[in-house]
Amino acid sequence: MTVAASVLGYAGLGFITRCYALGIQKRNIFDNLGGHAMMMTAFGALGYYVHGLEGRQLELIANKKEQILKNRERIAAASSKDDE
C-alpha cells in the first residue's frame, strides 16, 4: 500500500468518525468544519505512522527469517559432522 493511500484512507476514517460522533450527539454534521479538518489531520498522521511501522515490521521479519535459516544451516552442518 502506498503512503498516499494510507494517509488518505485514515483521513477518511477520521472524517467518518467525526461525523459519527456528531450524529450520536444529534448535532449538525457540517456545523464546525474545523473539527473535521483536525480529525482528518490527526487520523492522516496516524496513517502515515502505521505505514512506516508496517515497513519496519516487514524488514525485521525478513532479517529474523534470514537469521533462522542461517541457524538451521549451521545446526544441520554440525549434525552431519557428528554423524560421521
Problem set entry | Matching entry among I75, I61, I29 (being free of Cβ contacts under 8 Å to residues at least 12 places away in the same chain, surrounded by 12 or more Cβ atoms within 10 Å (Cβ to Cβ) and either basic (K, R) or on the phi < 0 side of the Ramachandran plot (or both)) | I29
For this session: Restricting attention to region 45-81, report how many residues are closer than 14 Å to Y10 by Cα and either over 12 Å from the mean Cα position of the chain (by Cα) or not in a helix (DSSP H, G or I) (or both).
Result: 0
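Each value in this text was obtained by applying a stated rule to the coordinates, not by laboratory testing. Remember, it's a predicted structure, so these values are computed and weren't measured experimentally. We place every Cβ from the backbone using ideal geometry, glycine too, and count neighbours over all the protein chains shown.
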